[in-house]
1. Residues that are at pLDDT 95 or above and either under 18 Å from the mean Cα position of the chain (by Cα) or β-branched (Val, Ile, Thr) (or both): which helices (runs of 4 or more DSSP H) entirely in the range 147-201 hold 2 or more of them?
2. Being more than 35 Å from the chain's Cα centre (by Cα) and buried (at least 16 other Cβ atoms within 10 Å of the Cβ) is the filter here, so list the residues in the range 14-32 that pass it.
3. Within the set of pairs 6+ apart or on separate chains, which have a first residue in the range 58-70 that is in the same structural domain as Pro116 (by TED's automatic domain parsing) and touching a residue at least 24 places away in the same chain (Cβ under 8 Å), a second that is hydroxyl-bearing (Ser, Thr, Tyr) and surrounded by 13 or more Cβ atoms within 10 Å (Cβ to Cβ), and C-beta atoms under 8 Å apart?
4. Taking only pairs six or more apart or across chains, which ones have beta-carbon atoms under 9 Å, a first residue in the range 280-302 that is touching a residue at least 24 places away in the same chain (Cβ under 8 Å), and a second residue that is among the acidic types (Asp, Glu) and assigned to a helix (DSSP H, G or I)?
5. Which condition number does Leu141 fail, the rest of (1) in contact with a helix residue (DSSP H, G or I) (Cβ under 7 Å, 6 or more places away or on another chain); (2) buried (at least 19 other Cβ atoms within 10 Å of the Cβ); (3) of a type in the set (A, V, I, L, M, F, W, C); (4) at pLDDT 85 or above being met?
6. Being closer than 9 Å to Phe238 by Cβ, among the hydroxyl-bearing types (Ser, Thr, Tyr) and in contact with a Ser or Thr (Cβ under 9 Å, 6 or more places away or on another chain) is the filter here; which residues of the range 192-221 pass it?
7. Collect the residues in the range 344-366 that are among the charged types (D, E, K, R), more than 24 Å from Asn208 (Cβ to Cβ) and in a strand (DSSP E or B), keeping them in residue-number order.
Amino acid sequence: MYTIDMNPIGIVKNNFDKPAPFNDIKAQPSTIVIYDEYAEALTNIDEVIYLDIVFNFHLSHNDKLAHTTYFGDFRGVFASRSPFRPNLIGVTRVKLVRREGNHLLVEGLDAINNSPVLDIKSSDTSHLADNDDTLGQQRELLKKRPRMEIEKLIAQNDMEGLMIKAAQIHGHFCPGLAMGIMAATQAMRELKAQSDGMEDLLAITETNNCMADGIQFVTGCTFGNNALIFNDVGKNAFTLTHRNGKGIRIVAKPGNQATINDASPDFKNLYQKVVAEQNHDEQLIAQYKKVSLNRSFGTLQIPFDMLFTMQQVDAEIPSYAPMFESVVCSNCGESVMSSRAIKNNDGYRCYSCNNSTIRFLDGHGIH
C-alpha cells in the first residue's frame, strides 16, 4: 500500500467549534476561505449554483468500520455518511450563495469550524440518469437551460424518453406522435441543432396532425415562440433549418401506415372492433389499449429509412416576427394587437366586432 499526501485548499468558518448533529450544522450558513495560492481555481465559480465540498473530519477518528447511524440502524461506514471513516473524508453538496474574493458563502454544509477543505467540484447533475432534484439543483439548472433534459435525450438518441415527455403535451401515445419524434430527432442530430426559442432555429411543418406535436416538442420550435411555421399542404413532412435557410426536409414515405401496421398485426382487427364498431367489452378494450401502446412505441423501433426520406434543402425563411402594439376595441373594450384591428372614426375595432373575415386553424387546416 502507498500513502497519499493531500494539501488543504481552504478552511471552513462557522459557529460550530465541535461536532454537532449534521442537520443543525447544515441549517446555518458557512464560509469557505480559499487559500491565496488556489484563488485562480475560483474563476467563474459564481456561475455555478451547487457545489460538492470535499473536506476532512479533523476532529473525528477512524477506529471502527461500522457504527450506529444517526437514524438508528447499524451500518458499515461505506454504506453510510458517517464521519468515522478510514480516511476521514466528507463530501457534502451545498448551495453557493455568493462569492466575495476568496470567500464562498454557502448553505447546507455540515463541516464544523476550521475543517480543512480538500477540494471543490461543480454539482452539475445533467449527465446523471436519475435526476432526483436533490436540494433543488436540477430545478435550478433547468431555470438556466430549460431544454437541458430534452437536449440530453436527443444526444443519446433516446426516442422512447422523448416520446414519454412529448405525450405530456400531446395527451396520448400514438404512431403519429412517434413519427414526429423520429423525424425531429433525426433532423436535430443531422444539423447538430439546439433551440433557445429565439427564432434562429425554425421548423416548417406541412401538417397539423399528431406528428406536429412531436416536431414541436423535440425541436423547441412552437407557435408561441414564432419558430414554428405552418405550411398548410397536408403532407406528413417538415423542414428544420437555421435562419440561413440551409436545412433538412424529412417526408413520410407513401405506405408508411402499412409499414407500421405490419409491425403490429393485431392492431387493425382490434381497432375495427373497439373504435369502428364501438364494442365496449372490457376485456377487448384492455387488449386494444395494450396493443395500441405497443404499436406506438413499436413505431420508434422501425428503421428510419423505412418510414421517411430525407434531403438537404434551401428553405425560404421569413423575417423575425414583428412586435405589434396593443390597442383597445372601442366596442367590446378588449385589448387586441393593432395588426388585427380596424381603425375607424371612434378608434379601433377588433375583427370580431367589425364582422371582418377571420382565419382560424382547426383539424381541417387554415380556413
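1. Values: elements: 148-155, 159-170, 175-191.
Correct list: 159-170, 175-191.
2. Asn14, Phe16
3. What qualifies is His58/Ser115.
4. Phe297/Glu160; Leu300/Glu160
5. Result: Leu141 fails condition (4) only.
6. So in the range 192-221, the residues closer than 9 Å to Phe238 by Cβ come out as 203-207, 211-212, 215, 219.
Now drop any that are not among the hydroxyl-bearing types (Ser, Thr, Tyr), which leaves 205, 207, 219.
Within the range 192-221, Thr205, Thr219 qualify.
7. The answer is Arg349, and nothing else.
Conditions (1) modelled with pLDDT of 95 or more; (2) among the aliphatic types (A, V, I, L, M); (3) farther than 21 Å from Ala20 by Cβ, marked per residue:
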{"residue": "Ala66", "(1), (2), (3)": "no, yes, yes"}
{"residue": "Tyr70", "(1), (2), (3)": "no, no, no"}
{"residue": "Leu88", "(1), (2), (3)": "no, yes, no"}
{"residue": "His103", "(1), (2), (3)": "yes, no, yes"}
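The values are calculated or read from the model by the stated rules, or taken from the named source; none is laboratory data. Everything quoted here is computed from the prediction, not taken from an experiment. Note: ideal-geometry Cβ built from the backbone for every residue, glycine included; neighbour counts use all protein chains shown.
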